[in-house]
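> Sharing a structure below in structure tokens format, with a few things to ask.
The values are calculated or read from the model by the stated rules, or taken from the named source; none is laboratory data. This one's a predicted model, so the numbers in the text were calculated from it and none came from an experiment. Don't worry about glycine lacking a Cβ; one is built from the backbone with ideal geometry, like all the others, and counts go over all protein chains shown.
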Amino acid sequence: MTGTTATAVDRPADEATAPPVIEMRGAGLTYPGPPAVAALKPCELTVRKGEFVTIVGPSGSGKSTFLNIAGLLDSPTEGQYLLDGIDTGSLSDADRSALRGRRIGFVFQAFHLLPHRTAVENVTLSMVYGGAHRKDRIAAARDALVRVGLGHRLEAIPTTLSGGERQRVAIARALAARPSLLLCDEPTGNLDTATAATVMELLEDLHRDGMTVLIITHDPAVARRGARTLAIRDGVLTEGRAA
Amino acid sequence: MRIRRRTDGIEPSRFHWRDLVSESTAGLLQRPARAALTALGTVLGVGSFVAVLGLTATAASQIDARFSDLSATEVTVQDISGEHTEFEDLAFPGDADQRVERLNGVAHGGVLWTVQLGEGQEVRSAPVAGAGAASQIQVVAASSGALLAAGPSVREGRVYDRWHDTTRQRVAVIGVGMAARLGITTLETQPALFIGDEAFSVIGILDDTERKADLLLSVIVPRSTAQEIWGPPKDGAEMLVSTRVGAAQQVAGEVPVAVRPDHPEYLRAVPPPDPRTLRSGVSGDLGQLFLVLAAVCLFIGSVGIANTTLVAVMERTGEIGLRRALGARGRHVLAQFLTESGVLGALGGLIGTSLGVTVVVGVAMAREWTPVIQPTTVVAAPVIGLVTGLLAGLYPAWRASRIQPVEALRR
Ligand SMILES: Nc1ncnc2c1ncn2[C@@H]1O[C@H](COP(=O)(O)OP(=O)(O)OP(=O)(O)O)[C@@H](O)[C@H]1O
Ligand SMILES: [Mg+2]
């Protein structure tokens, strides 16, 4: 039961032939400044459905910039970015918002939970803009919370939860809308080592169920858990742990 | 192929109005005390708006009620011949009653004046000087028509008629209070009273009059009798005319010509004031001042809402970024904050309306008036609150919708 909410997607038999989720075709981003900052140099990258990718790099290297582009929170200033085969460059703001809401789940270092709303309400929020019925949303939110092991804290207010529990609520929120891509920006950055490990296990679980997961970190221990690791340094993205 | 997928593949974001309302109220309830304080300006503004309009309507209906009863059927005609000639003692001819009663719409009409008694002449209940004297009782000369126009209700006996008037009978009619003062308890003993040396038989005691309430404090004698004894009036006479409902204005225009076709300018008819001018007079002075104050309150209230909403937008930048990341469009964020300020304004308007109505009812009860509030006022007031809130939220909500998700999430 618990696995079904994570994703309905079957894990492709051969990852090399699975459809691409993220396609960067010379995508790069330069903040105009002054001084102009080339936060992400033009890069080529394909992440296929069901992959588990970690991205490492020192502070200020451009990790968040990359994730913002991948998550449609920001647009590349050059090159093309395709999400699920859709060229995002020519999309209207409305379409970009819709894609964000329906295809991407975000997990942030700072959790970004609404402090006065219960865990269930926080998780439901990811489905408010999707047009699902209220009852279905609440059912999906409960399932997602059970999936992350918080079935006993459904009505808890975030301020009464521990850091690890808060991040699990945030992961449940990202899951509940059934995205095709889970983007995590330093999901364990605010957590101690033990708690970080449980959160990482949860993310690996989701990956085993077929979810495409992309995790940004500057913790090498976390990075090692990825089936595929990318490094980024001074805005240059490279395959493998070349840092 | 890719174009097709793009147009088919993306289902747009939605924000059902029910979610809009629940998200907005949840946003407000995060800080209930602040929300209440913010709404206070609107409460005061809308409250005073309702109170002013309600009190004005209540007072106006009060005036209306008084006028529609009696005053609207009363015309008084003044003798202003003194302004035109020195040779006219009394501008009203002897047959003034008949002349005015011939007019269409007139119920009764006649001449009356206050008699100036000479030195030592006073009203007494006994012929002997000094015995039973009641000083400072005024004597009014009134034609039989004037007496009827005053609308007397007779307790005992009768009022005198035209025969008494034209044949100069020594008869008098007095009010019940006056009768008690003069020691007259019943007419069965055929009591008399004395004015100076003249004896008058009292033929009627009045309980009340509809008009000219001061007649109850006077001894009323027929006009011709008074003229024979004391001569023409020294302070001028007037005519009292009672009309049918709605005829007063027209009668007032006709009376001078009907009574004095030769010199209509000797007479000035005073119709009852038009109730409509009186009502606008009430809403004209103090009411307008209060409406201005209400508008100022509303303005301050809207500035308060604008300020609080702007602060809330700043505080909740992270939430806005999160909502955008979860699929909200800029306009969804705009709608949410606009709804929050609108709800705040509408709530303030509703509370203000109830307070205003309470004030109107309270004041009306204290004055024993009937509280009157136009339904449009009660309906419009919460709407005014809503509009105030929406206008106040316009700028902050626009700012919120312009917040870029990356910047909001970076913090
Ligand atoms: N709005 C901006 N304008 C100009 N420069 C920016 C802006 N945002 C980020 N940068 C710069 O771009 C570079 C990459 O920033 P980014 O946030 O991607 O780093 P990061 O790898 O996520 O670092 P961290 O590990 O500290 O989060 C940095 O040098 C940063 O100063
Ligand atoms: Mg970062």
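> Determine if the range A:91-106 includes at least one residue that is within 16 Å of ligand 1 (Cβ to nearest atom), within 20 Å of B:Ala408 (Cβ to Cβ), at pLDDT 90 or above and within 12 Å of another protein chain (Cβ to nearest Cβ).
Scanning the range A:91-106 turns up at least one residue that is within 16 Å of ligand 1 (Cβ to nearest atom), within 20 Å of B:Ala408 (Cβ to Cβ), at pLDDT 90 or above and within 12 Å of another protein chain (Cβ to nearest Cβ).
> Can you tell me which residues in the range B:233-259 are outside any helix (DSSP H, G or I) and under 15 Å from B:Ile80 (Cβ atoms)?
Scanning the range B:233-259 gives B:Pro233, B:Asp235, B:Gly236, B:Ala237, B:Glu238, B:Met239.
> Which residues, taken from the range B:26-36, are away from every other protein chain (no Cβ under 12 Å) and in contact (Cβ under 8 Å) with a residue 60 or more places away in the chain? Walk me through how you get there before you give the answer.
Start the filter on the range B:26-36 by keeping residues that are away from every other protein chain (no Cβ under 12 Å), which leaves B:33-36.
Passing the criteria: B:Arg34, B:Ala35.
> While we're looking at this one, here's another question. I need the full set of residues from the range B:336-376 which are part of a helix (DSSP H, G or I), of a type in the set (A, V, I, L, M) and farther than 29 Å from A:Val128 by Cβ, in order please.
B:Ile351, B:Leu355, B:Val357, B:Val359, B:Val360, B:Val361, B:Val363, B:Ala364, B:Met365, B:Ala366 - these are the residues of the range B:336-376 that are part of a helix (DSSP H, G or I), of a type in the set (A, V, I, L, M) and farther than 29 Å from A:Val128 by Cβ.
> With the condition kept exactly as written, say whether any residue in the range A:83-97 is of a type in the set (A, V, I, L, M), within 29 Å of B:Thr25 (Cα to Cα) and touching a residue at least 24 places away in the same chain (Cβ under 8 Å).
no
> I'd like the residue in the range A:1-52 that is assigned to a loop (DSSP other than H, G, I, E, B) and within 16 Å of ligand 1 (Cβ to nearest atom) and, out of all such residues, is modelled with the lowest pLDDT.
A:Gly33
> Please give the strands (runs of 3 or more DSSP E) falling wholly within the range A:148-235 in which 2 or more residues are within 14 Å of chain B (Cβ to nearest Cβ) and at pLDDT 90 or above. So that I can check it myself, show each step before the final result.
Details: elements: A:181-185, A:212-217, A:228-233.
Those strands (runs of 3 or more DSSP E) span A:181-185.
> Related question: Being at the interface with chain B (Cβ under 8 Å from one of its Cβ atoms), over 25 Å from A:Gly189 (Cβ atoms) and in a helix (DSSP H, G or I) is the filter here; which residues of the range A:122-138 pass it?
If the condition is that a residue be at the interface with chain B (Cβ under 8 Å from one of its Cβ atoms), over 25 Å from A:Gly189 (Cβ atoms) and in a helix (DSSP H, G or I), then A:Val128, A:Arg134 are the ones that fit.
This table checks each residue for (1) buried (at least 21 other Cβ atoms within 10 Å of the Cβ); (2) modelled with pLDDT under 90; (3) not in a loop (DSSP other than H, G, I, E, B).
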site: B:Val173; (1), (2), (3): yes, no, yes
site: B:Met178; (1), (2), (3): yes, yes, yes
site: B:Asp207; (1), (2), (3): no, yes, yes
site: B:Glu228; (1), (2), (3): no, yes, yes
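One line per residue, one yes/no per condition, for (1) at pLDDT 90 or above; (2) within 14 Å of chain A (Cβ to nearest Cβ); (3) within 16 Å of ligand 1 (Cβ to nearest atom):
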residue: B:Ser354; (1), (2), (3): yes, no, no
residue: B:Val357; (1), (2), (3): yes, no, no
residue: B:Pro371; (1), (2), (3): no, no, no
residue: B:Gln374; (1), (2), (3): no, no, no
residue: B:Gly393; (1), (2), (3): yes, no, no
residue: B:Trp398; (1), (2), (3): yes, no, no
residue: B:Arg411; (1), (2), (3): no, yes, yes
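> Do we find that A:Asp74 is away from ligand 2 (no atom under 16 Å from the Cβ) and surrounded by fewer than 24 Cβ atoms within 10 Å (Cβ to Cβ) in this structure?
The answer is no for A:Asp74.
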